[in-house]
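The values are calculated or read from the model by the stated rules, or taken from the named source; none is laboratory data. The model shown is predicted, which means the values in this text are computed figures rather than measured ones. Glycine also receives a Cβ, built like all others from the backbone with ideal geometry; neighbour counts cover every protein chain displayed. With ligands, DNA and RNA removed, areas are computed over all heavy atoms of the protein, side chains included. Shrake-Rupley method; radii C 1.70, N 1.55, O 1.52, S 1.80 Å.
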Amino acid sequence: MRNDNREDYLINILRLTDGTGTVRTTELASYMQVTPASVTEMLKILSKEGLVNYQRYRGVSLTEEGVLKARELRRKHHIMERFLTDVLDIDHEQAHDQACAVEHSISEETADKMCRMIGTKIDADCTTCKNPCNDGTVTIVKCIAVSKMRQGDKGKISHLSSGESTMVRKLISMGFVPGRDIQLTTSVSDKGARIIKIGEATIAIDKDMASAIFVNLE
Amino acid sequence: MTNIQVALVGQPNVGKSMLFTRLTGVGVITSNYPGTTVEFDEATVNYKDVVMHVHDLPGTYSLSTNSEDEKVVMEMLCDNNNDVIAVVADSTNLESSLVLAIEVCELGLPTMMVLNKFDLKRFDFDIDTLTKIIGIPVIPVSARTGEGVDNLLKAIYEKMARVSDYRVQYDGHIVNYVKEIMAMDPSITWGMAIKMMEGVGHYIESASDDVRKRIEEMNEEFTSIHGEGMNVHLARDRYGDAHIIAMTVCKRTEQKSSRKDRISEMTINPSTGIPILIAVLVATFACLIFVGGLLAEGIETLYENIVGTALSDFGRQIGGELGEAIMTGIDNGISAILGLVIPYIMVFYILLGILEDSGYLPRAVVLLDRTLHKIGLHGNAFIPMMVGLGCNVPAILSTRIIRSRRERIILCTVICMAVPCSAQLATITGVTGRYAGFVWVLVLLILLVALGTISGIVLNSRLKYEPSNLAMELPELQMPRLRNVLAKMWMRTSDFFKLAVPLLIVGCIIIELLVSYGVLDEIVDPMSWLTVGLLGLPAVTIIAFIAGILRKEMSYGMLVILAGTQGITEITDFMTPHQFIVFGVVMSIYLPCLATMTAMYRELGLKETVKISLATIIVAVAIGSIFNAVLNVIM
Ligand SMILES: Nc1nc2c(ncn2[C@@H]2O[C@H](COP(=O)(O)OP(=O)(O)OP(=O)(O)O)[C@@H](O)[C@H]2O)c(=O)[nH]1
Ligand SMILES: [Mg+2]
């Protein structure tokens, strides 16, 4: 069972971060409905195995190896789920739950064969999934860095995450505080400054700072 | 007479300085961008039987970042025995002003709130409710129209400022922590405990070791439960409260104009913004050259018509030959700087004032951010550079808005070396341009841009990397007011009349005395290897350069006086166009003036000041010699 648990963490971190971002331990805890303490404990183990980067208070992201492993798992999950819904005609919610349980134990070969039997190519991205798993019981809030927002996107600040505490303090003092609504009005260029409406103010910040602010998109 | 100490605090660009001027009648610079004021200003008002000492402070967004500027403001608030802390709020952005007001209230000092920019009427306010909620008087004013300023004076006079009993609804854990800290050390107040938990140096340093250790533990514990530090959570709670208060007491009556948003968008978006920026810069320089030129002619004619030969006649009457020589020198010197230098300086400051007040500068900052990275700076370096085109002293001071020391060194070097102040700019346009052709103005400006870029690149690769970022609030665009633009122009140029003219008179007397004793040539001779040998200029120009160390606009005045001592009345007979070019090159690069060096010494210390100053001399001589050699060949 321990193995299943580890893999659940990997796949859930992948779901929350899209493989590139960072997720806070508290968010992960509430998403997986477990206590922050147990999250912390597991993250320490995964971190030792080199599957995640974990820094206390800042959150966790997948390492390259972690992403590979998590994506492999998610592929198996998708295949299993599609097999259950398409071939066996089981409803999505049940299929999701059962796929969650089985994804850990089926081999690569089994997965490939099932995939061939379904007849469509299924990969780790949710694009091929007819009924993506975030339509299931849990709602996934998509949390992205402001630097990745597109022009016109609105959202609520979820957290700030940066290695530099002075940057975080500066951001807070200028009003980038969790819970506030913001809108990205302009991105000067891909690497350039971001213009953000927050409350009645319009503030320009550079990309580094924008990468330290995470929002839940509306 | 009783004295009342009043401190004006507030976020950047809320109008503290404009209010300060309204209250005291003392002019200070106000501009439409955050970070205009970097130094404290103080002035007094006599009101009935009291003397109010009003302090204008630099704007700060909060009191919790531990940054140098906030520390200084915090100390001023806590240690100055202020009778009234007037938190200046922006009525068009109450929510964010309230957060700072709440922070100030937590310090437990007598406070009142000034709701500025009330003339804009973008919201309807329920002032009574606001007063009741935050427990301090709230006085609506408009620093622009003067409306409500009497009420403010009256409120200060009547000691209406209150210690607020407003308490933010902080998280339960935090409240328990605060209580625990207050129990550990009864001398710690609620507000102090909050600031300590926020990690604010000013308070943490005064705490006992036990308290400090406990707070560290608390922060660990809190972070493991909430997933964010206490400082983040405190800010979150404050903004939460401020949002609710703002929703309760103000109703929007007028939307921000979407036209302004569109224009703002155009200035930021590179595809339209870069052409706009270029157009603005070209228009500024074109205006400077043409309007400055017109004005120069006008003033020269006027001066000749009014003064004529009166000064030299007067000199002959009272002092014979020497008297006539001195007075003629003074006459020439004054007409030279009045006629050629000052008009350009005045025109430049009017243009700068328009740019500053429109709110365009911060947009250019955003646009230039990536470009300036190449020389190790951020976009915000653009504002000190623009200010530096007026005068390098406030430019050096305004580099304080940049936090990284490394960037400040780069920027100060670029400013001293390659940003001509208005006096240097006037010399380039009014002297080199006039006598050698305006195309040389362009050449010199391009040379300076190249020089600035190169020195930036060199320093950027030499100095140790320090992380640093750009964050700048973009103020609303507004129509510049003529009154403010002219007032600023006068504040910034009156010194030229008050200091440059007397200095020129003194300089002239000294030189004429030296000439009459026949020692001038002996004095300038030791330096002729430089002036004549390398730069190909008349030997006496060294004196003009030395005068320029005192004040840059004096150089040309002195040059004219020096020409006079050689018996030459037309300056064009004294130097060839080619020499005017070299003179312009050296003038715009060599040594910053004394006031700039002093400012730099205060901001960066002795070592950097000496280094930068020496570098400018070497570069000026090197480029001047090259120009001289090349021009000798081609002209
Ligand atoms: N409409 C309106 N504009 C105002 C008022 N007071 C100030 N302003 C404008 O607000 C801008 C900022 O004014 P300043 O006085 O320089 O602001 P400050 O608070 O001293 O700013 P910093 O020194 O940067 O902290 C200027 O462009 C003023 O024209 C007001 O009462 N009404
Ligand atoms: Mg000011």
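What about B:Val114, is it over 29 Å from the mean Cα position of the chain (by Cα), away from chain A (no Cβ under 14 Å), within 16 Å of ligand 1 (Cβ to nearest atom) and surrounded by 15 or more Cβ atoms within 10 Å (Cβ to Cβ)?
Details: over 29 Å from the mean Cα position of the chain (by Cα): no; away from chain A (no Cβ under 14 Å): yes; within 16 Å of ligand 1 (Cβ to nearest atom): yes; surrounded by 15 or more Cβ atoms within 10 Å (Cβ to Cβ): yes.
Criteria not met by B:Val114.
Mind checking which residues of the stretch B:503-512 are open to solvent by 40 Å² or more (accessible area, probe 1.4 Å) and either more than 13 Å from B:Gly329 (Cα to Cα) or in contact (Cβ under 8 Å) with a residue 24 or more places away in the chain (or both)?
Residues satisfying the conditions are B:Leu503, B:Ile505, B:Ile509.
Yes or no: the stretch B:245-254 includes at least one residue that is open to solvent by 30 Å² or more (accessible area, probe 1.4 Å), touching a helix residue (DSSP H, G or I) at 6+ places or on another chain (Cβ under 9 Å) and closer than 29 Å to B:His202 by Cα.
No, every residue in the stretch B:245-254 fails to be open to solvent by 30 Å² or more (accessible area, probe 1.4 Å), touching a helix residue (DSSP H, G or I) at 6+ places or on another chain (Cβ under 9 Å) and closer than 29 Å to B:His202 by Cα.
Looking at (1) farther than 25 Å from B:Glu473 by Cβ; (2) within 15 Å of ligand 1 (Cβ to nearest atom), which one does B:Ile139 not meet, given that it meets all the others?
Of the numbered conditions (1) farther than 25 Å from B:Glu473 by Cβ; (2) within 15 Å of ligand 1 (Cβ to nearest atom), the odd one out for B:Ile139 is (1).
Got a number for residues in the stretch B:14-47 being near ligand 1 (Cβ under 7 Å from one of its atoms) and open to solvent by 50 Å² or more (accessible area, probe 1.4 Å)?
So the answer is 1.
Would the stretch B:449-456 turn up any residue that is exposed (fewer than 15 other Cβ atoms within 10 Å of the Cβ), more than 28 Å from B:Leu355 (Cα to Cα), without any contact (Cβ under 8 Å) to a residue 60 or more places away in the chain and not β-branched (Val, Ile, Thr)?
For the stretch B:449-456, residues exposed (fewer than 15 other Cβ atoms within 10 Å of the Cβ), more than 28 Å from B:Leu355 (Cα to Cα), without any contact (Cβ under 8 Å) to a residue 60 or more places away in the chain and not β-branched (Val, Ile, Thr): absent.
Which members of the stretch B:299-309 meet the condition of being assigned to a helix (DSSP H, G or I) and over 18 Å from B:Pro502 (Cα atoms)? Before you say what the answer is, go through the steps one by one.
From the stretch B:299-309, those assigned to a helix (DSSP H, G or I) are B:299-307; that's our starting set.
Result: B:Ile299, B:Glu300, B:Thr301, B:Leu302, B:Glu304, B:Asn305, B:Ile306.
Please specify each residue of the stretch A:174-189 satisfying the condition of being on the phi < 0 side of the Ramachandran plot and at the interface with another protein chain (Cβ under 10 Å from one of its Cβ atoms).
Taking the stretch A:174-189 and keeping what is on the phi < 0 side of the Ramachandran plot, we get A:174, A:176-178, A:180-189.
Residues satisfying the conditions are A:Met174, A:Phe176, A:Val177, A:Pro178, A:Arg180, A:Asp181, A:Thr185, A:Thr186, A:Ser187, A:Val188, A:Ser189.
Working only within the stretch A:189-205, note down all residues that are open to solvent by 10 Å² or more (accessible area, probe 1.4 Å) and free of Cβ contacts under 8 Å to residues at least 24 places away in the same chain.
Selection gives A:Ser189, A:Asp190, A:Lys191, A:Lys197, A:Glu200, A:Thr202.
Anything in the stretch B:449-493 that is farther than 30 Å from B:Lys374 by Cβ and within 14 Å of chain A (Cβ to nearest Cβ)? List them, or say none. Walk me through how you get there before you give the answer.
Within the stretch B:449-493, the first condition is being farther than 30 Å from B:Lys374 by Cβ, and the residues that meet it are B:476, B:478-493.
The answer is B:Glu476, B:Gln478.
Pick from the stretch B:63-89 the residues that are out of contact with any Pro (no Cβ under 7 Å at 6 or more places or on another chain) and buried (at least 22 other Cβ atoms within 10 Å of the Cβ): which of them is modelled with the lowest pLDDT?
First, the residues of the stretch B:63-89 that are out of contact with any Pro (no Cβ under 7 Å at 6 or more places or on another chain): B:63-68, B:70-72, B:74-82, B:86-89.
Right, trim to buried (at least 22 other Cβ atoms within 10 Å of the Cβ) and you get B:63-65, B:74, B:86-89.
Numbers: B:Leu63: 90, B:Ser64: 86, B:Thr65: 82, B:Met74: 89, B:Ala86: 95, B:Val87: 96, B:Val88: 96, B:Ala89: 96.
Only one residue tops the list, namely B:Thr65.
Quick one: is B:Val501 in the same structural domain as B:Met386 (by TED's automatic domain parsing), closer than 29 Å to B:Ala364 by Cβ and more than 16 Å from ligand 2 (Cβ to nearest atom)? Walk me through it before giving the result.
Details: in the same structural domain as B:Met386 (by TED's automatic domain parsing): yes; closer than 29 Å to B:Ala364 by Cβ: no; more than 16 Å from ligand 2 (Cβ to nearest atom): yes.
Taking the combined requirement at face value, the residue does not satisfy it.
If you take just the helices (runs of 4 or more DSSP H) that sit entirely in the stretch B:1-117, which of them hold at least 3 residues that are within 16 Å of ligand 2 (Cβ to nearest atom) and at negative phi?
On the way: elements: B:16-24, B:68-79, B:94-106.
Counting at least 3 such residues, we get B:16-24, B:68-79.
Suppose we filter B:Ile396, B:Ile410 for residues that are more than 14 Å from every other protein chain (Cβ to nearest Cβ), surrounded by 22 or more Cβ atoms within 10 Å (Cβ to Cβ), within 17 Å of the chain's Cα centre (by Cα) and more than 16 Å from ligand 2 (Cβ to nearest atom); which single one remains?
Result: B:Ile396 is the single residue among B:Ile396, B:Ile410 that is more than 14 Å from every other protein chain (Cβ to nearest Cβ), surrounded by 22 or more Cβ atoms within 10 Å (Cβ to Cβ), within 17 Å of the chain's Cα centre (by Cα) and more than 16 Å from ligand 2 (Cβ to nearest atom).
Is it the case that some residue within the stretch A:89-112 is hydroxyl-bearing (Ser, Thr, Tyr), open to solvent by 40 Å² or more (accessible area, probe 1.4 Å), over 13 Å from the mean Cα position of the chain (by Cα) and at pLDDT below 80? Steps first, answer last, please.
Filtering the stretch A:89-112 down to residues hydroxyl-bearing (Ser, Thr, Tyr) leaves A:105, A:107, A:110.
Filter once more, keeping what is open to solvent by 40 Å² or more (accessible area, probe 1.4 Å): A:105, A:107, A:110.
Within this subset, residues satisfying the condition of being over 13 Å from the mean Cα position of the chain (by Cα) are A:105, A:107, A:110.
Applying the additional criterion that residues be at pLDDT below 80 yields none.
No: the stretch A:89-112 contains no residue that is hydroxyl-bearing (Ser, Thr, Tyr), open to solvent by 40 Å² or more (accessible area, probe 1.4 Å), over 13 Å from the mean Cα position of the chain (by Cα) and at pLDDT below 80.
Of the conditions (1) of a type in the set (Val, Ile, Thr); (2) farther than 20 Å from B:Val341 by Cα; (3) open to solvent by less than 40 Å² (accessible area, probe 1.4 Å), B:Ile428 fails just one. Which one is it?
Here B:Ile428 clears every test but (2).
Can you name every one of the helices (runs of 4 or more DSSP H) wholly within the stretch A:1-77 that holds 3 or more residues which are more than 14 Å from chain B (Cβ to nearest Cβ)?
On the way: elements: A:2-17, A:25-32, A:36-48.
Filter on the stretch A:1-77 gives A:2-17, A:36-48.
Can you tell me which residue among B:Ile274, B:Ile306, B:Ile299, B:Ile263 is without any contact (Cβ under 8 Å) to a residue 40 or more places away in the chain, surrounded by fewer than 19 Cβ atoms within 10 Å (Cβ to Cβ) and either within 12 Å of chain A (Cβ to nearest Cβ) or of a type in the set (Val, Ile, Thr) (or both)?
Result of the check over B:Ile274, B:Ile306, B:Ile299, B:Ile263: B:Ile306.
Could you list, in sequence order, the residues of the stretch A:171-200 that are basic (Lys, Arg) and touching a strand residue (DSSP E or B) at 6+ places or on another chain (Cβ under 6 Å)? I'd like the intermediate steps shown before the answer.
Of all residues in the stretch A:171-200, those basic (Lys, Arg) come to A:180, A:191, A:194, A:197.
Correct list: A:Arg180, A:Arg194, A:Lys197.
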